[in-house]
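Structure record follows, encoded as structure tokens.
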Amino acid sequence: MNDASTPLPSAGWYRDPAGGAAPRWWNGTEWAAANTVPADATPLAANYSHTAPSALSDAATNTWQIWVLALLPLIIAPSYLLIDVSSWLPAVGEDAVTAQLRQHSDPGYLLALVGGWLIYGVSIPLAIFDRRILSARGIDRPFHWAFIFLGSLVYVIGRSVVARRRTGHGIAPLWAAIGVQVLSIVAGGIFVVNLVNATMNYVTEFTY
């Protein structure tokens, strides 16, 4: 399904949008079969683009579902900064069960735990509908939604790369997802530093 307001690419050799190894001839309006390439076609070596022509805009290759998948980890990142690291350290005279209950009742910890399950559960239908929309828009063989079980980042990266190969667009969610992951790593690093400092102070206090 093409947008009539978007100009079509000029005739030439392009990467096969179906994923074939050999390039295909685009006559300016449609793909030509191997036996219908005109005799006066530009020689392959002189005019070969690695990007398949597409009348799809960048907006058409991106859906609201993929943007939600890319940004979902932002739900968890702040929770690392809200965890009370002292709840991870045993109190004097406290038994193991009480210590575990105190740790698991910390609001920051609960937010991280529930947020993780929420992201996993919501990601599956989002990936399914994202792939269906891309197929309906005419994108050949989008990245399979089942890869979401390996994590939202895996799906966003694979989906963006495949969309880019098919249409020349759709890479923006990948960079957004990477940016979110960097923020998550920074937040996790801050939590680890706070926990180490709290542990050192705890050990020092009971040693001296």
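Taken together, the criteria place P90 among residues that are free of Cβ contacts under 8 Å to residues at least 12 places away in the same chain and closer than 20 Å to V193 by Cα.
Looking only at the range 163-180, residues that are open to solvent by less than 50 Å² (accessible area, probe 1.4 Å), in a helix (DSSP H, G or I) and at pLDDT below 90 come to 3 in all.
Among residues of the range 103-131 that are modelled with pLDDT of 85 or more and β-branched (V, I, T), those with a Cβ under 9 angstrom from a residue that is surrounded by 14 or more Cβ atoms within 10 Å (Cβ to Cβ) and part of a loop (DSSP other than H, G, I, E, B), sequence gap 6+ or separate chain, pair up as I119/I76. The residues of the range 103-139 that are open to solvent by less than 50 Å² (accessible area, probe 1.4 Å), within 20 Å of V192 (Cα to Cα) and in contact with a helix residue (DSSP H, G or I) (Cβ under 8 Å, 6 or more places away or on another chain), listed by number, are Q103, D106, G108, Y109, A112, G115. Within the range 3-34, the set of residues being modelled with pLDDT of 65 or more, under 29 Å from the mean Cα position of the chain (by Cα) and among the acidic types (D, E) comprises D16 only.
Scanning the range 115-141 for residues that are small (G, A, S) and either under 17 Å from W67 (Cβ atoms) or assigned to a loop (DSSP other than H, G, I, E, B) (or both) turns up S123, A127, G138. Hey, among the residues in the range 52-67 that are crowded, with 16+ Cβ neighbours inside 10 Å and at pLDDT 80 or above, which one's nearest to V122 (Cα to Cα)? Selected residue: Q65. For V85, the criteria (1) modelled with pLDDT of 65 or more; (2) open to solvent by 20 Å² or more (accessible area, probe 1.4 Å); (3) within 30 Å of G158 (Cβ to Cβ) hold in every case but one, which is (3). Remark: pairs (first residue in the range 181-198, surrounded by 11 or more Cβ atoms within 10 Å (Cβ to Cβ); second residue at pLDDT 90 or above; Cβ separation under 9 Å; 6+ apart in sequence or on different chains) = Q181/L153.
The values are calculated or read from the model by the stated rules, or taken from the named source; none is laboratory data. Please read all numbers here as calculations on a predicted model, not as lab measurements. Please note: Cβ atoms are built from the backbone with ideal geometry, for glycine as well, and neighbour counts cover all protein chains shown. To get the accessible areas, we keep the full protein, side chains included, count just its heavy atoms, and leave off ligands, DNA and RNA. Shrake-Rupley method; radii C 1.70, N 1.55, O 1.52, S 1.80 Å.
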